[in-house]
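Shown next, in structure tokens, is the structure this report addresses.
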Amino acid sequence: MADDAHYARFRRSFNERIEQYVALTPAQLEQEVRELREGLGGEPVASVPAGILPADPSPAGP
């Protein structure tokens, strides 16, 4: 089946990525995290909803 071939390809690809990650040394992992942090930049995820939602959760009304 065509789906089986697609799944096998996906699985091989995913397994390769996992193996690459597991093979990283602590120094390499630290460097990768540093690069990700610099690339993503911006505000921390938790601060985004905090900036949108009101600090006082009480309902607004008359």
### Query
Within the stretch 11-48, can you find the residues that are open to solvent by less than 90 Å² (accessible area, probe 1.4 Å) and hydroxyl-bearing (Ser, Thr, Tyr)?
Ser13, Thr25, Ser47
### Task
Determine which single condition Val33 fails, assuming it passes every other condition in (1) outside any helix (DSSP H, G or I); (2) within 19 Å of the chain's Cα centre (by Cα).
(1)
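The values are calculated or read from the model by the stated rules, or taken from the named source; none is laboratory data. Every value quoted in this text rests on a predicted model; they were computed, and no experiment measured them. Surface areas here come from the heavy atoms of the whole protein model, side chains and all, with no ligands, DNA or RNA. Shrake-Rupley method; radii C 1.70, N 1.55, O 1.52, S 1.80 Å.
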